[in-house]
Amino acid sequence: MKLTSLKWMAAGVLLSAACIGALSINHIGSPAVSAATINWETGLATNSLPQQDHAVVGHAKSLSAAFRNASTMVLPSVVTIQSIGSAGNVGVQGGQIPEELRENPLFKRYFENTPEGTPQAPGRSQKLGTGSGVIVDSSGIILTNNHVVKGAEKLLVKLHDGREFEATDWKTDPKSDIAVVQIQSPTSLPAASIGNSDGMEIGDWVIAVGAPFGLDETVTAGIISAKSRGLGIADREDFLQTDAAINPGNSGGPLVNLDGEVVGINTAISTTSGGYQGVGFAVPINLARWVGDQLMVNGTVQRAFLGVGVQTVDNAISKQLGLTTVKGAVVTEIRPNTPAARAGLRTGDVVLEFDGTAIAKPADLQARVERASLKETHKLMIIRDGKTMTLDVRVEPMPATLVGTEPSRVERPSQSEFNELGLQLSDLTDDVAKQLGMEGVSGVVITGVKSGSAADRAGLEAGMVISKVGQTVIDSLGDFESAMKGVSLKDGVLMLVKFGEASRFVVVKG
């Protein structure tokens, strides 16, 4: 069955919760018993807590009730997803389980079908892994991670009430590590309430729900410990970081606020052992929801783009550009015939806002642009030459490929001696530009970098092209030498360098 629509309905199912405790009783005549007489009819000690202690316990019970209520709201919508495929397909869970847990009798039964070191017969169906998911539409649409379903030929979905379904369809977006899975149920299913991940702040309480190590319906609690994290595990990263315990099998399950609303999809952990070590990551639900809608409507995710190269504004670049803050995304490259070029953006512009949303770093700009409407005009607030201004821009669909190429090694033309920066330079001739894949680029090419020099410490390398020094565009060695006159190495020299199809600003200090 083809996926068609997504309603993002709120769940209205509540479950009763029971609390089971253990009471330790000393032998008759012990000091503990002589200090208190137990009333077995009421189950209460006659010497109750002091009044002030009741208030303290009351606060703790309020938090406990909040966790309990949030759990009972979301649990009916949480599912376990078992991925089935042929031998040779890459599974999810196997390599993530620590050795000590694989041999632990409590967990060993979850790996009995695929014992470590036992080869599987080619073409034979086998369990690739187990993950989690959350129902986000009562028709049977589930959000989970791409890596939970990757390589699967069949998905088995187990609901909170014990029913099991085989998925009828699933769509994935590897760039965000989000997938949508659809099942068909004869009855309406309990859908989770969806929150606003942009409203979550560091220190907010959350619970993580899923099936770690195959243990269904496990709830852990913690806080949002950081926002906008990037780990290098996906192309599009803006993770919520939490200290709520997330373990293998939790992937795809919901991260939930105290209102019982899903604010993230649990995705990864930072670990040296393979298990929980206090740092977990979730895809913000606002991003996951946008990706899910795209997958449901189009089957793929259509992202928008500006056509710029940008980098982080660090302290050195901020000083060189005369900024009063270390925030924003500085433009390092304008690609021809793109929305950025038509809007009048220039290299050296610093983007501060996109449609009124503050841009603190390049990832913020990328996230806002990619989800921007193709049918509307958007506002870019920038700083150019120390002045704030606003540009209008209409974004376009992202081309299929935007991958840069590594430059070829070039034959060195006649060049200068090493200068005070530790650079050996030459004019960028047409032949050299062609070898570097930089036709149409102006500047001077670096042919050598002296070890331990200021240029070396700044990360400059042979094959890079310097296209700007400060605000001066460089076309020749003469331009470079003129731009360097009167420049203080102690204060640093701002340079725009190009390497392959990537550009970035560097500050060279003596």
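The values are calculated or read from the model by the stated rules, or taken from the named source; none is laboratory data. Just so you know, these numbers come straight off a predicted model, no measurement behind them. Using ideal geometry, Cβ is built from the backbone for each residue, glycine included, and neighbour counts are taken over all protein chains shown. What goes into the accessible areas is simple: the full protein's heavy atoms, side chains included, and nothing from ligands, DNA or RNA. Shrake-Rupley method; radii C 1.70, N 1.55, O 1.52, S 1.80 Å.
With Cβ to Cβ distances under 15 Å as the rule, what net charge do the other residues near Pro284 carry (K, R +1; D, E -1)?
Here the charged neighbours net out to -4.
Suppose R0 equals 41 Å; then what is the FRET efficiency for Ala60 and Glu481 from their Cβ-Cβ distance, rounded to the nearest 0.05?
0.05
Sort 142-150, 375-383, 207-215 for me by packing, meaning the mean count of neighbouring Cβ atoms within 10 Å per residue, highest on top.
Packing proxy ranking, top to bottom: 142-150, 207-215, 375-383.
Taking a 1.4 Å probe, which of Lys61, Lys171 shows the most accessible area, and what order do the others take after it?
Descending accessible area places them as Lys61, Lys171.
So what J values fall out for the stretch 354-368 if you push phi through Karplus, 6.51 cos²θ - 1.76 cosθ + 1.60 with θ = phi - 60°, rounded to Hz, Gly and Pro as x?
Ordered by residue, 3J(HN,Hα) equals 10, 6, x, 8, 5, 10, 8, 7, x, 4, 5, 5, 4, 5, 5 Hz.
Once label points are set 7 Å from the Cα along Cα→Cβ at both Asn337 and Asp314, what is their separation, rounded to one decimal in nm?
Between Asn337 and Asp314, the label points sit 3.6 nm apart.
Check which residues have an amide H placed less than 5 Å from Gly448's amide H, if you skip close sequence neighbours.
Gln424
For the stretch 198-203, in order, what is each residue's ³J(HN,Hα) by Karplus, 6.51 cos²θ - 1.76 cosθ + 1.60 with θ = phi - 60°, in whole Hz (x at glycine and Pro)?
These are the phi-based 3J(HN,Hα) values: 5, x, 6, 10, 4, x Hz.
Near the amide H of Ala226, under 5 Å away, which other amide H atoms are found, from residues 5 or more places off or on another chain, if H is placed in the peptide plane?
Correct list: Gln241.
Convert each backbone phi in the stretch 339-344 into a coupling constant with the Karplus relation 6.51 cos²θ - 1.76 cosθ + 1.60 (shift: θ = phi - 60°), then list the ³J(HN,Hα) values in order as whole Hz, x for Gly and Pro.
Along the stretch 339-344, the couplings run x, 5, 5, 5, 7, x Hz.
Could you give the Stokes-Einstein D for the stretch 180-224 in µm² per second, using the C-alpha Kirkwood radius, 4 °C, 1.567 mPa s?
Diffusion coefficient, whole number: 96 µm²/s.
Contour minus end-to-end for Asp259 and Asp53, with contour as 0.36 nm per residue of separation and end-to-end as the Cα-Cα distance? Kindly include the intermediate steps, with their values, before the conclusion.
On the way: separation 206, 0.36 × 206 = 74.16 nm, distance 2.73 nm.
Between Asp259 and Asp53, full extension yields 71.4 nm more.
For a quick check: with amide H placed at 1.01 Å from N, whose amide H comes under 5 Å from Ser251's, ignoring anything fewer than 5 positions away on the same chain?
Those lying under 5 Å, H to H, from Ser251 are Ser132.
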